[in-house]
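Structure, as structure tokens:
Read-outs throughout are calculated quantities, based only on the coordinates presented, and are distinct from any laboratory measurement. Note that the structure is predicted; figures quoted are calculated from it, not measured. When we count neighbours, we look across all protein chains shown, and the Cβ atoms used for this are built from the backbone with ideal geometry, even at glycine.
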Amino acid sequence: MSVGHYENFPVASVLVPARFRDAVVAIYRFARAADDIADEGNAPAALRHEALDAFCRCLDAIERGETPSEPPFTALASAIREHDLPIGLFRDLLSAFGQDVDVTRYATFADVLDYCRRSANPVGRLLLALYRVDDPHALAQSDAICTALQLANFWQDVAIDWRKDTRLYLPLEDIDRFGVTLAQIANGVCDERFTRLMAFETARTRALFDDGRPLARRLPWRLGLELKAVIAGGSRVLERIDRVRGDVFTHRPVLGKRDWALLALRMLVPAAVSA
């Protein structure tokens, strides 16, 4: 199902049971709209925070049992009530998007993971809540997958993020460790040092996918298959980054029809197809 905006990963596909699709789309549209407030356009920071504060007030209204009339909150209120979704997870998303307004550098990988905990992991936990899955092991595996998806997006968009507002999610401690400079990133120079840095980041992102992969076997068949597709898409992005030796300045990795056909074959016959 297309819900606007380019995405590497499927949103509310036909694999999701029909009774959950409206809720999945409502969650996505809330997250997409709030993310756009933080990242799109040229509004000053104060206006962006003001708009995100309005989102917070709408969540407060939903929590009080009210139904805001403006989109995306009417549909979101219905989804929250019908499926008893934890409203705190939506507030976590807003916290991360608010951080995006002000923060453009991350000193450590731990700082990046903290951002992912609020910007990505809540979406996976909300989807598990739809299926009434809440055991700690499943939640941890979901967090690993969602964080990995977020990181894969960061690594493929290093050049785009820098050109837009000199934003950088590569941890500064890693940049220093591999001898890369901010000037090098600003100028789009992919030398051996940057190649090693990106290989390091894709390797530990792939490890997170591996940590979360068993979750697909613990979920209902259709949701498990959907999750396998999402993991396959994120892993394919990492493959494409590695294939160009980390040169995301001139070769931003995106997934096309051929990639999704390949991934479908891999899902049916694991390890039988390579490209």
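Quick look at the numbers
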quantity: Table column - 3J(HN,Hα) (Hz), segment 121-129, Karplus curve with 6.51, -1.76, 1.60, x for Gly and Pro; calculated: 4, x, 5, x, 5, 5, 5, 5, 4
quantity: Gaussian network model of the chain, Cα within-10 Å springs - most flexible of A43, A203, A75; calculated: A43
quantity: Unit charges at the beta carbon, dipole of the chain: most positive-side option, V101, H49, P220; calculated: P220
quantity: Segment R105-A43, length gained on full extension (0.36 nm per residue, minus Cα span); calculated: 20.3 nm
quantity: In sequence order, calculated HN-Hα J values of segment 17-33 (Karplus, 6.51, -1.76, 1.60; Hz; x Gly/Pro); calculated: x, 4, 5, 9, 5, 4, 5, 4, 5, 4, 4, 4, 5, 4, 5, 5, 5
quantity: Segment 86-143: relative contact order in percent, alpha carbon pairs under 8 Å with at least 6 residues between; calculated: 42 percent
quantity: Max mean-square fluctuation residue, GNM over the chain, Cα-Cα springs under 10 Å, options V244, V112, V230; calculated: V244
quantity: Net charge contributed by nearby residues that have their C-beta within less than 12 Å of R196 (K/R +1, D/E -1); calculated: -2
quantity: Euclidean distance of C-alpha centroids, segment 40-106 and segment 132-207, integer Å; calculated: 26 Å
quantity: Charge sum, other residues only, whose C-beta stays under 9 Å from Q156's C-beta, Lys/Arg counted +1 and Asp/Glu -1; calculated: +1
quantity: For the chain, built as a Gaussian network whose Cα springs stay under 10 Å, the top-fluctuating residue of D176, D35, D247; calculated: D176
quantity: Estimated vicinal HN-Hα couplings, Hz - segment 193-204 in sequence order (Karplus 6.51, -1.76, 1.60; Gly, Pro = x); calculated: 5, 5, 4, 5, 4, 5, 5, 4, 5, 5, 5, 6
quantity: Summed residue charge, Cβ within 12 Å of G224's Cβ, Lys/Arg positive, Asp/Glu negative; calculated: +4
quantity: Label point distance in nm, R217-R19, each placed 7 Å from Cα along Cα→Cβ; calculated: 2.8 nm
quantity: At R0 = 35 Å, FRET efficiency that the Cβ-Cβ distance of A183 and R57 yields, to 0.05; calculated: 0.25
